[in-house]
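The values are calculated or read from the model by the stated rules, or taken from the named source; none is laboratory data. Quick caveat, the model's predicted, so the values are computed rather than measured. Here the Cβ positions follow ideal geometry from the backbone for every residue, glycine too, while neighbour counts run over all protein chains shown.
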Amino acid sequence: MTELNPVPRWAVAATFVLSLAGLAISAYMTYAHFAGTSVLACPDTGVVNCALVTTSAQSKLLGIPVAMLGLGQYLVMTALNSPWGWKRPERWVAIGRFALAGVGFAMVLWLIIAEFLIIKHICLWCTAVHVVTFALLLVLTRVSPEQLGWTSSPE
């Protein structure tokens, strides 16, 4: 088993904070899904209409609310991106962290397409979690290949 390269402390802090933010937003969206759109702190008129987006046909994937999928994603990402998760020596943890960020971003791309082209409305809370997911992918794209030894260091 090859040893993982260390990552900068800023990356550990940034990924943990981003994961906590994604977890909080996803938890709120999951709560709103089950409690009803009346608890959403978001406009419900015009282009920005959280209620319309979160109750659309695209708000579920295979019958599972997208908010719950986001909650699951961010529960795992928070564990993997915690300071303790970054200390894990297993290679599969680092690969899983990076892969899960990629899968999350692919889902975000689909949701953005759905909001703009199918639903024709956007949700501010959804946009917030999309931004968090993108930022998390950016940080991990910067540090994961080096951590995993996928890049060659200049000599």
- Item | First in region 26-39 and touching a residue at least 60 places away in the same chain (Cβ under 8 Å), second anywhere and surrounded by 16 or more Cβ atoms within 10 Å (Cβ to Cβ) and charged (D, E, K, R), Cβ under 7 Å, 6 or more apart | none
- Item | Tabulated pairs, region 97-110, first modelled with pLDDT of 95 or more, second surrounded by 13 or more Cβ atoms within 10 Å (Cβ to Cβ) and of a type in the set (Gly, Ala, Ser), C-beta under 6 angstrom, 6+ apart or interchain | PHE98/SER144
- Query: Which of the residues spanning region 18-67 are touching a strand residue (DSSP E or B) at 6+ places or on another chain (Cβ under 9 Å) and farther than 15 Å from ILE119 by Cβ?
  - Reply: MET29, THR30, HIS33, PHE34
- Query: Looking only at residues in region 95-120 that are closer than 25 Å to VAL39 by Cβ and small (Gly, Ala, Ser), which one is surrounded by the fewest Cβ atoms within 10 Å (Cβ to Cβ)?
  - Reply: ALA114
- Apart from one, (1) touching a Leu at 6+ places or on another chain (Cβ under 7 Å); (2) touching a residue at least 24 places away in the same chain (Cβ under 8 Å); (3) not aromatic (Phe, Trp, Tyr) all hold for ALA51; the odd one out is (2)
- Message: When you check ALA135 against the structure, is it farther than 23 Å from ARG9 by Cα and at pLDDT 95 or above, yes or no?
- Response: no
- Within region 121-155, of all residues that are in contact (Cβ under 8 Å) with a residue 40 or more places away in the chain and not in a helix (DSSP H, G or I), the one surrounded by the fewest Cβ atoms within 10 Å (Cβ to Cβ) is GLY149
- Condition met for THR127 (under 30 Å from GLY46 (Cα atoms) and in contact with a Gly (Cβ under 6 Å, 6 or more places away or on another chain)): no
